[in-house]
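The values are calculated or read from the model by the stated rules, or taken from the named source; none is laboratory data. Owing to the predicted nature of the structure, the values given are computational and were not obtained by experimental measurement. Quick reminder, even Gly has a Cβ in these numbers, built from the backbone with ideal geometry, and neighbours come from all protein chains shown.
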Amino acid sequence: MIFDIVTIFPDLLDSPLNEGILRRARLKGQITTNIINLRDFADDPQTMTDDRPFGGGEGMVMKPEPLARAVKSQQNADGSTQAKVILLSPQGRSYNQKIAGELAGEQHLILVCGRYEGVDERFRAGYVHDELSLGDYILTGGELAAMVIVDSVTRLLPGVLGCSDSADKDTFSRNLLKHPQYTRPRVFEDQAVPEELLSGNHEQIETYRFLASVQRTLDRRPDLLKIESFSPSEIKLLRKHGLYEKVQMIQDVTPKR
Ligand code: SAM
């Protein structure tokens with residue numbers, strides 16, 4: 001999978017791409033990351049990529065021509081299918097694990113990082129296929145948001161995580177939060193690891209983890225349970241442990257007019 005990141009601050013992205021799982025995925029050729037310096041596509045000696053807004057007002061706006069040239073330089077550069085161009089923007093769709101999963105099915109993403117007041121609207125209208133927001137807050141630029149996308153999509157690609165199924169059981173892979181985790185020592189500051197996890201009995205461990213996951217979701221993110229469905233054997237377990245009624249209460253609540 002190819003990630004091209006268009007930015008005026010290329011150095012900002014060096015470190016995250018050169019550590020841990022992203023570094024390993026790059027070295028193994030599972031992902032290719034190209035940092036595209038937008039200033040290389042400016043058409044004046046000062047390499048200006050922004051200008052004052054028409055109509056006046058605060059701040060600067062990123063000019064459309066360098067952005068368009070940068071994107072065109074990467075489209076089909078490798079002879080592959082057309083890349084999907086994503087603008088990082090607080091006005092975009094809210095990014096989540098489902099969208100990460102969809103993007104993991106693409107071959108080539110061009111991530112465009114805004115700065116200042118954002119990008120000229122005509123670039124957005126003419127070149128951008130999707131706009132993604134990390135949440136309802138304002139970052140100084142799109143670079144950190146682009147890195148979040150590279151990171152969260154890469155770990156979903158086949159073979160990237162050491163253990164093949166660990167992404168399948170993460171929080172949000174279903175509409176559930178993952179169960180709490182424990183490691184050595186068995187007792188830490190008077191808190192013991194739950195007995196079930198020490199039992200060595202696989203079925204007992206899985207049951208404990210499933211129930212703990214549902215309980216944690218009920219406690220912290222009941223909204224997720226509204227759209228989760230459970231298998232007959234899971235429902236049986238939830239009933240047995242008094243959780244099914246609580247889940248049903250959430251699922252039965254219809255919005256009031
Ligand atoms: N003036 C813009 C507005 O009010 O919508 C905000 C511009 S922001 C200071 C500069 C750039 O940071 C944006 O163009 C975008 O690329 C990036 N950015 C800021 N907040 C973001 C968010 N929540 N998600 C994704 N990108 C964001």
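Exactly one condition in (1) at pLDDT 95 or above; (2) within 16 Å of the ligand (Cβ to nearest atom) is false for GLU58; which is it?
Failed condition: (1).
Mind checking which residues of the stretch 141-189 are part of a loop (DSSP other than H, G, I, E, B), within 16 Å of the ligand (Cβ to nearest atom) and among the hydroxyl-bearing types (Ser, Thr, Tyr)?
none
Restricting the search to the stretch 227-239, which residues are part of a loop (DSSP other than H, G, I, E, B) and surrounded by fewer than 13 Cβ atoms within 10 Å (Cβ to Cβ)?
ILE227, SER229, SER231
Could you tell me which of the residues PRO53, PRO90, PRO64 is in the same structural domain as VAL6 (by TED's automatic domain parsing), within 11 Å of the ligand (Cβ to nearest atom), over 21 Å from the mean Cα position of the chain (by Cα) and touching a residue at least 40 places away in the same chain (Cβ under 8 Å)?
PRO53 is the lone residue from the list that is in the same structural domain as VAL6 (by TED's automatic domain parsing), within 11 Å of the ligand (Cβ to nearest atom), over 21 Å from the mean Cα position of the chain (by Cα) and touching a residue at least 40 places away in the same chain (Cβ under 8 Å).
Take the residues in the stretch 109-123 that are near the ligand (Cβ under 10 Å from one of its atoms) and outside any loop (DSSP other than H, G, I, E, B), then tell me which one is nearest to ARG52 (Cα to Cα).
Taking the candidates together, the pick is VAL119.
Can LYS226 be described as at pLDDT 95 or above, among the basic types (Lys, Arg) and under 23 Å from ALA100 (Cα atoms)?
Spelling it out, LYS226 is indeed at pLDDT 95 or above, among the basic types (Lys, Arg) and under 23 Å from ALA100 (Cα atoms).
Select from the stretch 190-224 the residues that are among the polar types (S, T, N, Q) and assigned to a loop (DSSP other than H, G, I, E, B) and list them in ascending order.
SER199, ASN201
Does GLU106 meet the test of being touching a Lys or Arg at 6+ places or on another chain (Cβ under 6 Å) and more than 13 Å from the ligand (Cβ to nearest atom)?
yes
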